[in-house]
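Reading through the structure tokens given below for one structure.
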Amino acid sequence: MRIFSFGVLAILCAVTLGAQQKTAAPPNISGAWERFGFNLGQPTADGQRRDGTAPPRSEQPTLKPAFQKEYQDRLAAIRDANAKGAPIATGAVQCLGEGMPAMMQATFPIEFLQSPGQVTVIEEAFTQVRRIRLDQPQKKIEDVEPGFYGHSVGHWEGDTLVVDTIGIKENIRYQNVPHSDQMRIREKIHLATPDILWDEITIEDPVVLEKPFNVYYAFRRMPNYTLLEYICEDNREFRDANGIQQIHVNK
């Protein structure tokens, strides 16, 4: 009987521990954050590398041949236009946000808001907002209306927020990389330290990409910062009929 009692006790302890792990509260990532560490493959101070707070360098995409040509032609056109002093207008010229996943690079500070059933992400630039619905099944791609931020669902795996995003408009391009309606953005968002947050992004597209590629962003907590209002009401630039960036001239 004594052996049986110990066995029952061990089972009860294991079940209790498992229940506690499942119901453990996720880490607090709510609040404002600023870009930190590597950005678009730029180097970071050696001290940040050694202490493990800076994520790896972002990878370069490998495109299938037909799309690689389109990508290289686009980059060449951008270089030529810049050299002529007539840059091709970007979405920012039209007061449009970057969309996903570029908004996560946090050109301006970014804010995470945790609430029951949802994590909301707000970037100060252009007041961009995305909503990550928690513990919900992902929709079929054909059932999602394409948008700047797509349809995101996520769940917590321990201290990591795992997110799946589909439904990004095909004209919303990360670093000018083309994509199809089959593109999928997967994220693992977690604290590297109490005040450093990582977003590990994997971009998949079986139509355009030879293989998925990874993008890494890191953020530093800004405990005393409140996101500012960002209204693009006095933009001095505009896009002309040829897609070229121009500047309004006051007469």
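Does Ser115 satisfy being modelled with pLDDT of 95 or more and buried (at least 17 other Cβ atoms within 10 Å of the Cβ)? Please lay out each step first, then the result.
Working: modelled with pLDDT of 95 or more: yes; buried (at least 17 other Cβ atoms within 10 Å of the Cβ): no.
No, not satisfied.
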When Gln246 is run through (1) touching a strand residue (DSSP E or B) at 6+ places or on another chain (Cβ under 6 Å); (2) modelled with pLDDT of 95 or more, the failure sits at (2)
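Restricting attention to the range 71-97, which residues are within 21 Å of Glu170 (Cβ to Cβ) and part of a helix (DSSP H, G or I)?
Step one: list which residues in the range 71-97 are within 21 Å of Glu170 (Cβ to Cβ), which gives 71-78, 88-97.
Of everything in the range 71-97, those that are within 21 Å of Glu170 (Cβ to Cβ) and part of a helix (DSSP H, G or I) turn out to be Tyr71, Gln72, Asp73, Arg74, Leu75, Ala76, Ala77, Ile78, Gly91, Ala92, Val93, Gln94.
Scanning for something part of a loop (DSSP other than H, G, I, E, B) and open to solvent by 60 Å² or more (accessible area, probe 1.4 Å), does the range 174-182 turn up at least one residue?
The first filter runs over the range 174-182 and keeps only residues part of a loop (DSSP other than H, G, I, E, B), leaving 177-182.
Adding the requirement that they be open to solvent by 60 Å² or more (accessible area, probe 1.4 Å) leaves 181-182.
The answer is yes, given that some residue of the range 174-182 is part of a loop (DSSP other than H, G, I, E, B) and open to solvent by 60 Å² or more (accessible area, probe 1.4 Å).
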Practice task
Could you check, for the range 16-34, whether at least one of its residues is open to solvent by less than 60 Å² (accessible area, probe 1.4 Å), modelled with pLDDT of 50 or more and farther than 28 Å from Ala102 by Cβ?
Solution key: yes
Is it true that Asp46 is open to solvent by 60 Å² or more (accessible area, probe 1.4 Å) and at pLDDT 85 or above? no
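The values are calculated or read from the model by the stated rules, or taken from the named source; none is laboratory data. Note that the structure is predicted; figures quoted are calculated from it, not measured. Every residue, glycine among them, receives a Cβ derived from its backbone with ideal geometry; neighbour counts consider all protein chains shown. Areas reflect the complete protein model, heavy atoms only, side chains present, ligands, DNA and RNA absent. Shrake-Rupley method; radii C 1.70, N 1.55, O 1.52, S 1.80 Å.
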